[in-house]
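**Student:** Please see the structure below; I have some questions.
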């Protein structure tokens, strides 16, 4: 695990930060071996396995020293470790990690639809990744249903979502869910036909929000942005325009999983000024690790074709 909760040593670190770092390191290992990455992945995996609940979920820790079960928040608390364990299974073949992902996916399949779109989209991402490895139709069916009932709703004509999901990172989490589902659906599948228009609209919004620097406007909704300027807001830390790792990851997923070309926006995000503090959250590790692996593959492809 990495980091200590800002609330104090008696509070556990947030699981997603461990999972995000693991995913980033696992992607980087596909380019070049690194014993430090391997050691950190191994220790992170054992930690995540030890923290998984009997029902396959991961608890939501929020300002208390005991975790909360059975909240919609568990959709994102569980999806991130699920993907990390699945990626490690793909590297090692260790069935313990596949079982961890399976238990997390089984929990997500039976959990209800959250009111918050991005919570559902975290689960869609993991369910689709799990389906690619296991071909478990239950996961695909659950991802289609969760995306239809919990990803699509309330999208605006400009391709965005207002309120809480007006933040570019939440928007991009939804886009990543769209991309993951798009990538596992065969051409001609009704759900894929339904997915194309919302995906295009959401991507057009990303293009509109990208700045000349390659950064993105963090929140397009004036009311939501104004609320974030209040002294007690957790979102007060964000600048009006900034690097966003979730958007970088979503753009890579679009390039890899769909037939939609967002390469200009993707290269702009990769080449944009890096955040000053790369250790603050694990999502930076995930985004740069995935982008590093993707860039290496583009270079290999160019060398082969040349």
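**Student:** Yes or no: residue 191 in contact (Cβ under 8 Å) with a residue 24 or more places away in the chain and under 27 Å from residue 86 (Cβ atoms)?
**Tutor:** In short, yes.
**Student:** Taking the residues in region 271-284 that are touching a residue at least 40 places away in the same chain (Cβ under 8 Å) and surrounded by fewer than 18 Cβ atoms within 10 Å (Cβ to Cβ) as candidates, determine which candidate is nearest to residue 295 (Cα to Cα).
**Tutor:** Selected residue: 271.
**Student:** Filter region 11-42 for residues that are surrounded by fewer than 18 Cβ atoms within 10 Å (Cβ to Cβ) and within 22 Å of residue 102 (Cβ to Cβ) and give the result.
**Tutor:** 42 - this is the single residue of region 11-42 that is surrounded by fewer than 18 Cβ atoms within 10 Å (Cβ to Cβ) and within 22 Å of residue 102 (Cβ to Cβ).
**Student:** Could you grab me the full set of residues in region 43-63 that are surrounded by 15 or more Cβ atoms within 10 Å (Cβ to Cβ) and touching a strand residue (DSSP E or B) at 6+ places or on another chain (Cβ under 8 Å)?
**Tutor:** Of everything in region 43-63, those that are surrounded by 15 or more Cβ atoms within 10 Å (Cβ to Cβ) and touching a strand residue (DSSP E or B) at 6+ places or on another chain (Cβ under 8 Å) turn out to be 59, 60, 61.
**Student:** If you don't mind, there's one more thing I want to ask. For region 54-168, give me every one of the helices (runs of 4 or more DSSP H) that falls completely inside it and has 2 or more residues that are under 25 Å from residue 204 (Cα atoms).
**Tutor:** Correct list: 117-134, 137-150.
**Student:** Moving on. Count, please, the residues in region 86-105 that happen to be surrounded by 18 or more Cβ atoms within 10 Å (Cβ to Cβ) and without any contact (Cβ under 8 Å) to a residue 60 or more places away in the chain.
**Tutor:** Of the residues in that region, 10 qualify.
**Student:** Also, quick follow-up: Any idea how many residues of region 261-282 are under 16 Å from residue 250 (Cα atoms) and at pLDDT 95 or above?
**Tutor:** Counting residues in region 261-282 that are under 16 Å from residue 250 (Cα atoms) and at pLDDT 95 or above gives 12.
Yes or no, residue by residue, for (1) surrounded by 17 or more Cβ atoms within 10 Å (Cβ to Cβ); (2) farther than 19 Å from residue 291 by Cβ; (3) out of contact with any strand residue (DSSP E or B) (no Cβ under 9 Å at 6 or more places or on another chain); (4) modelled with pLDDT under 95:
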position	(1), (2), (3), (4)
151	yes, yes, yes, no
167	yes, yes, no, no
174	yes, yes, yes, no
184	yes, yes, yes, no
223	no, yes, yes, no
229	no, yes, yes, no
234	no, yes, yes, yes
240	no, yes, no, no
244	yes, no, no, no
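The values are calculated or read from the model by the stated rules, or taken from the named source; none is laboratory data. Note that the structure is predicted; figures quoted are calculated from it, not measured. Note: ideal-geometry Cβ built from the backbone for every residue, glycine included; neighbour counts use all protein chains shown.
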